[in-house]
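Heads up, the thing below is written out as structure tokens.
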Amino acid sequence: MIPLDHLTPHDLPRAGSKAFNCARLRQAGFPVPDGVVVPTGATDAEIHGLPRHAWFDRQMPDARFAVRSSGIGEDSAGHSFAGIHETRLNVDRADLVDAVIACRQSADSAAARAYREARHIAEEDARIGVLVQVMVPAVTSGVAFTVNPITGGDELVINAGHGLGDALVSGQIDPDEFHVSKRDGAVLSMRPGGGGAAGVAMSTLTPADLAALGALLTRIERHVGAPQDVEWCHDGRQFWIVQSRPVTTCTPHVAPRTPQRVDPEWTRANLAEVLPDQVSAQALTVYVDLLNRGERAFFGRLMAPESELGPIVKAFHGRLYFNLSQLRHVTETVGAAPADMLRSFGHSEQIQPEDEIAKRPPIGRLVRALPDLTRLVVNTLRAGTVFRDHEAHTARLLAQLDARDPRLLRDDEIAAMFDWWTASTPDTLKAVFVMGSVQLYEDVLRKACKSAGFSYDRLVYPQLAAGTRSVSTQQAVDLVALAEVARGEAVAMTYLEANDGAFTDFRTGLAGTRFLDHFERFLEQYGHRGHYESDWALPRLHENPTPALFAIRAHLEGEAQDPTAIVRRQDADAAAARGEFEARLTPWQRSTLLPRVRWTLRRLKQQYLWREQVRSDLTRVVSRIRAWHLVLAERFVERGWIDRRDDYFLLELDEVARAARDSRQGPGLRAIAARRAAQREVERDLRLPLLMREADLSALLGSGSGIDAAATGDLRGLCVSPGCVEAEVVVLRDPGEFAAMKRGAILVAPATDPSWTPLFTLASGVIVEVGGMLSHASTIAREYGLPALANVKDATRLLKTGDRVRLDASAGRVIR
């Protein structure tokens, strides 16, 4: 018996198409009722033991079930088997076995044999799996096509009726019928069931229901990549998908002559660790402008024109999104497989089999983009030079910012500095993009591992973990070293252990100690880091070092850590992995392939180190800029232009500049800040998805969450640091909750940035909801030797503090 959450493509031959289609959608986050599959090869004993399966232990005692056939070719693009095989609804536990047997036996019915004979389907493909799902108490049910099955028109055709959908599917009732535009959700036509007059108000689906269902159907078609015939139901709270199969009859649709702009996909998954859910109004407008200019300058004609796919960056309700369609366009233009790009952006669940294949781009597109492609390859190969230029540029920026005290300058002089900074920042983005361009090296290593029959993860991950540490990991190591300094100094030990955890008086309480001297140096080196550190509206570690002091105290409560032991273990593991790989090589591969692999591994490791240093440099500059902003913020408060210092960051930079240059503009700032604050409050609790299309936004905002917080079973994610550990979890949504962290616990978080680093030194493993191989959590976990999974969807809601789990990062799962 196979739960839907565990079904894989390898199970298709024994689970059947219907079960596989449901599992595919459910695992991608679509609202499909939970279920278990009785495979084709199940024995009679296994079927009679079905009600005792562990899956049923998680269901309510009085739960009822839907039992449906799932034939090997059923619900496929060529053969729907609609109405041929058995379905049983509202089945109680006592009748489950009989219902399963009836579904299996329906494969031998006269109707089923005649259907197979007419479609020339071999008898060996007559095997039946059976899908058992929790029964949804449907208020409304129906079927829908994501393309008009008669005309082939690009529209949604939705049939709806009251109650369960079996009467509608079998043709026993005349349903309400709606035709809905996929482009903008407009209702094109409606026909009431039961012979009513066209245009009469319908009682099955409201306009809001149609918008939500239409968006859901469109997402399913995009996810699957083909028009779908979908059975759905609504339980009074949300829609559920109980079946989805390819449309088997469809007249080809002739596209209109007038070209239409594509509705792009937008993602913010990789931004979740560097920017807050709601970015400050001030930073948001700056980043939208800077990133659009910077990315367009960097990628050039590798990107599609904005008139076709839109800008590379856009803000929705205070959240910053990247244009995933543009990034896919870039990936396809360079002839790379989109799968690696999707993984790096935290969307592994969106990868289709065809995304793993690198396709040759259209020759015209490639020729147009060739100069920009050549420039990108040269920049990648000259990454060392780009990094050194970046370091010199950063030094000039910091020198300029440190050369003058903003407290002694006029408002207009401070505003001029902001103009200078925003004008010079695009020059720094080149290093960000180049250091993040590791796909060239990863592709070389993936191909080498494939040719040698060796695991890419086994070879590469240990090499990234060993050797020189990144600046982010060094911060963690230096923090542990501070604990050892405190351990050897009685005054420091006493203060840290007796403090109430606020540490507001740490400078007076630790005055004259060797520990304070070391801690001040630590803040000088890392104090510019902070939570969501790319937004200068938020404080830095040097402004509130409490999390670091808390972590130091937590280390004092246990045995001393030995960072050198971690280094020795990682070096040994890296050497073992290299040895295992080399043992697989033929003599010819040792002389030709091995030197290239060794060079590429060194370059990939160096690129990761440079990337973390570039990020640290940029946040150091942002931290200095924040100090300049705070001077103006305090002045605006003193003059009564705004009520609070934080209100300043509700103002856009051009509004700040106008007031700085003309004091008559100042009194109007309070109203602007109040309006923005009210808008942020309205948008604060909006749960915008990590991946969406703009056309679906209104329906997504109104649909709420489809996640069942009581869901059970294993959680799956992307392994970013291998290993396995069993421990209780501590769920934290903000590093400000640091006091709840326990030493040796598995840290579960939405995402992490350098402000979380002190907590990594206490954790035994890490689980984050978003992130890829380049994310902060990935880098620190690998180099600190912690098993880690990224892209574990809704982990902070499905796991609770105190839950004991087995984090098997190497296998990509969390077992409760």
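Please give the length that would be gained between ASP643 and ARG382 if that part of the chain were fully extended, namely 0.36 nm times their separation in residues minus their C-alpha to C-alpha distance (nm, one decimal). Intermediate results must be reported in sequence, preceding the final value.
On the way: separation 261, 0.36 × 261 = 93.96 nm, distance 4.98 nm.
Working it through step by step, the gained length comes to 89.0 nm.
Which value, in Å² and to the nearest 10, is the accessible area of ARG797 when all protein chains are kept and the probe is 1.4 Å?
Its accessible surface works out to 60 Å², give or take rounding.
So who's got an amide H within less than 5 Å of the one on ALA226, skipping anything under 5 residues away but keeping other chains? H placed 1.01 Å off N, in plane.
Placed amide hydrogens put nothing under 5 Å from ALA226.
Counting other C-beta atoms within 10 Å, and keeping those with at most 16, which DSSP coil GluC sites (Glu not before Pro) do you find in region 501-572?
Loop-located and lightly packed - GLU543, GLU557, GLU559.
Using a probe of 1.4 angstrom, how much of the accessible area of region 570-644 is carbon and sulfur, in percent?
Details: 1820 of 3440 Å².
Result for region 570-644: 53 percent of the exposed heavy-atom area is carbon or sulfur.
Protein chains only, probe 1.4 Å: how do TRP588, TRP420 rank by accessible area, largest first?
TRP588, TRP420
Need one number: nm distance between label points at ARG675 and ASP505, each 7 Å from Cα along Cα→Cβ, rounded to one decimal.
4.7
Mind checking which aspartates and glutamates have their C-alpha under 12 Å from LYS800, skipping anything on the same chain fewer than 8 residues away?
Those aspartates and glutamates meeting the cut-off are GLU728.
Using modelled backbone amide H atoms (1.01 Å from N, in-plane), which distant-in-sequence or interchain residues come within less than 5 Å of ARG404's amide H?
Close amide H contacts, sequence-distant or interchain: none at all.
Considering only protein heavy atoms, what is the solvent-accessible area of SER348 at a probe of 1.4 Å, reported in Å² to the nearest 10?
Rounded to the nearest 10, that gives 40 Å².
Suppose every Lys and Arg Cβ carries +1 and every Asp and Glu Cβ carries -1, with no other charges. What dipole size does region 415-460 come out with about its Cα centre, to the nearest 20 debye? Provide the component values of the computation, followed by the final result.
On the way: 5 positive and 5 negative charges, 74 e Å.
Computed about the Cα centre, the dipole is about 360 debye.
Please work out how much length the chain gains when fully extended from ASP92 to THR8, using 0.36 nm per residue of separation minus the C-alpha to C-alpha distance, in nm with one decimal. Don't jump to the answer; show the numbers that get you there.
Details: separation 84, 0.36 × 84 = 30.24 nm, distance 2.77 nm.
Gain in length upon complete extension: 27.5 nm.
Mind checking which lysines have their Cα closer than 25 Å to the Cα of LYS447? Skip sequence neighbours fewer than 8 apart in that chain.
LYS359, LYS605
Quick check: Cα centre of region 547-601 to Cα centre of region 749-816, how many Å?
19
Any idea of LYS800's accessible area? Nearest 10 Å², probe 1.4 Å.
Approximately 100 Å² for this residue.
Within region 418-511, what whole-number % of the accessible surface is contributed by carbon and sulfur, with the 1.4 Å probe and all protein chains included in the calculation?
Details: 2130 of 3820 Å².
Carbon-and-sulfur percentage of accessible area, whole number: 56.
As I understand it, the value is the acute angle between the Cα axis of helix 207-224 and the longest principal axis of the Cα atoms of the chain; what does it come to in degrees, rounded to 10?
90
For a Förster distance of 51 Å, can you work out the FRET efficiency between the beta-carbons of ALA416 and ARG590, rounded to the nearest 0.05? Intermediate values should be presented prior to the final figure.
Working: r = 61 Å, r/R0 = 1.20.
Computed FRET efficiency for ALA416 and ARG590 comes out at 0.25.
Got a sec to turn the phi values of region 444-453 into Karplus ³J(HN,Hα) couplings, 6.51 cos²θ - 1.76 cosθ + 1.60 with θ = phi - 60°, whole Hz, x for Gly and Pro?
4, 6, 5, 5, 5, 5, 5, 5, 8, x
Would you mind checking region 678-693 for residues with the amide N under 11 Å from a putative spin-label position 7 Å along Cα→C-beta of GLN352?
none
Want the number for HIS48 to VAL491: 0.36 nm per residue separation, take away the alpha-carbon distance, what's left? Could the numbers behind the result be given before it?
Details: separation 443, 0.36 × 443 = 159.48 nm, distance 6.97 nm.
Fully extending the segment from HIS48 to VAL491 adds 152.5 nm.
Taking amide H positions as placed 1.01 Å from N in the peptide plane, with prolines and chain starts having none, which residues 5 or more places from ASP176, or on another chain, fall under 5 Å of its amide H?
Correct list: ALA160, GLY193.
Relative to the longest principal axis of the C-alpha atoms of the chain, give the angle of the C-alpha long axis of helix 324-333, reported between 0 and 90° and rounded to the nearest 10°.
Orientation of helix 324-333: about 90 degrees from the principal axis.
Quick check: the angle from helix 514-526's long axis to the longest principal axis of the chain, C-alpha only, nearest 10 degrees?
Its long axis makes an angle of about 60 degrees.
What does the charge add up to near ASP340, with Lys and Arg as +1, Asp and Glu as -1, over the other residues with Cβ less than 11 Å from its Cβ? List each step's numbers first, then the result.
On the way: positive: ARG343, ARG446; negative: ASP355, GLU356, GLU442, ASP443.
That sum, taken over residues with Cβ under 11 Å, equals -2.
Go through 748-761, 680-693 and give me the packing order, highest mean Cβ count within 10 Å leading.
Numbers: 748-761: 25.4, 680-693: 15.1.
Going by the mean number of other Cβ atoms within 10 Å, highest first, we get 748-761, 680-693.
For region 35-52, in order, what is each residue's ³J(HN,Hα) by Karplus, 6.51 cos²θ - 1.76 cosθ + 1.60 with θ = phi - 60°, in whole Hz (x at glycine and Pro)?
Once rounded to whole Hz, the list reads x, 9, 10, 8, x, 4, x, 4, 7, 4, 5, 5, 5, 5, x, 3, x, 9.
Which aspartates and glutamates, on any chain, are close to LYS430 with Cα under 18 Å apart, when same-chain ones fewer than 8 places away are left out?
LYS430 reaches ASP289, GLU295, ASP372, ASP389, GLU391, GLU612, ASP617.
Could you tell me which residue out of LEU445, LEU479, ASN499 lies farthest along the dipole of region 422-515 toward its positive end? Charges go on the beta carbon: Lys and Arg +1, Asp and Glu -1, centred on the Cα centre.
With unit charges placed on the Cβ atoms, the residue in question is LEU445.
The values are calculated or read from the model by the stated rules, or taken from the named source; none is laboratory data. Source: prediction; values computed, not measured. No Cβ is skipped: glycine too gets one built from the backbone with ideal geometry, and neighbour counts run over all protein chains shown. The area values use the complete protein model at the heavy-atom level, side chains included, leaving out ligands, DNA and RNA. Shrake-Rupley method; radii C 1.70, N 1.55, O 1.52, S 1.80 Å.
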